[in-house]
Structure formats: structure tokens, C-alpha cells
Amino acid sequence: MRGNAATVSADPAGAQVPAGDDALLVLYANGDGQAAAELMRRLGPRCFGVAMRVLGNAAEAEDVTQEAMMRLWRMAPDWQPGQAKVSTWLYRVVMNLCIDLKRRQRGGHVDLDAIPEPPDPARSAPEQLQEAARQDALQQALMLLPERQRQAVVLRHIEELANPDIAGIMDISVEAVESLTARGKRTLAKILAERRDELGYADD
């Protein structure tokens, strides 16, 4: 019996395991539409999350996500499995698109309204409101950071990427990543500390 080629492959013991991102990209390049759907399901929300945190604007983040995925599809026929992670390549594209957008805006207004996290049905309504307020506060604090610090903090402390991966995405040294994330984290902590009581952290 055949499995779904877009999402599973066989290990030596004969069990079915999820296909890796690079394998899915190769399948897509060979005409497998289900592989594209699976990659979009896996990577689309992550791209949007990064762009949202960096830009602070949902519409712009959606545009960046769509453009990044389009570039992934165009690049698919030339992809060499094993040379890099698809997700790392995509993060770099997202970051570059965000930088380009910021440059085009030339200091224009950026909407600071963050999209709240999906409601957790296990939480009470006051808890959900407090969590939404915390997410808004984090987004606003992130937007106060210098651009490169914001990018590094998002990739390290929100996306939880390793410093070498971030260095590759941002085209800087690991030492520079460490410096940017340390400075950004200190600044965020200072900004959010001033709103500690308002956001309910004193009760945690």
C-alpha cells in the first residue's frame, strides 16, 4: 500500500515517517502539489510570525510571507538537499524582505497593533485578556529596539534558533549575534519592567 509521498517516507524498519522539508521541496519541484501544501502548512505560519514580530503590521507581514513562499517555489528546481535547511533559507528571505520594506518606508508610520495569540480554552476570560495585553506589550517593546537587535531577538528568543543559524540568516558573526541579542534582551527587560504591575507579572 502506498503512503502519501508528500508527507511520509519509509525508514529502514518499514515505518512511515514525515518527510523532511528539503525532501518535500524536491517533490514539489517534481510536480507534487501535496508537497507544496505541506510545506506551506509547516513554514507559512513561522514566516508570518517572524515578519509580524519584526514589522509590527499584520498586512505587511502577510505580504512578506506570500513573497517569501513565492521565492521558495521559484527556487525549488535548483535546491540541493543537504546543503542547508529550507527553514533557515526562508528565514533569511523573510528578514531581507522586511529590511527592504523598512527601507522603502523611509521612516513611515508602522502600525503597532499586534495580533493577539489564539485564545486558550483552558484559560478564563480575564487570563486571556491579560495574555493578549502581554503579547501587545511585547510587540510594542520589540518595535522600540534598533532594527538589527529586534531581528536577532526575534530569531533567538521567540523562534529559538541557534546562534550559528542566526548568524547565517543575518550575514554576521556569531559574536555579533550574541552582542545584539544580549543588548536587545536587556532593553526589552527594562521596557517591560516599567509595566510589570500593569501586565500582572507581579502576581506570577
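The values are calculated or read from the model by the stated rules, or taken from the named source; none is laboratory data. These numbers come from a predicted model, not from an experiment. Heads up, the Cβs are rebuilt from the backbone with ideal geometry, glycines too, and the neighbour counts pull from every protein chain shown. The accessibility values were calculated without ligands, DNA or RNA, using every heavy atom of the protein model including side chains. Shrake-Rupley method; radii C 1.70, N 1.55, O 1.52, S 1.80 Å.
A few points about this structure:
- All lysines inside 18 Å of Lys85 as judged from Cα atoms, apart from same-chain residues fewer than 8 positions distant: none
- By accessible area with a 1.4 Å probe, ligands and nucleic acids excluded, highest first: order of Tyr91, Tyr28: Tyr28, Tyr91
- Relative to the current alpha-carbon distance between Arg42 and Arg74, full extension at 0.36 nm per residue lengthens the span by 9.7 nm.
- If you plug the beta carbon distance of Ala133 and His157 into 1/(1 + (r/R0)^6) with R0 = 25 Å, you get a FRET efficiency near 0.80.
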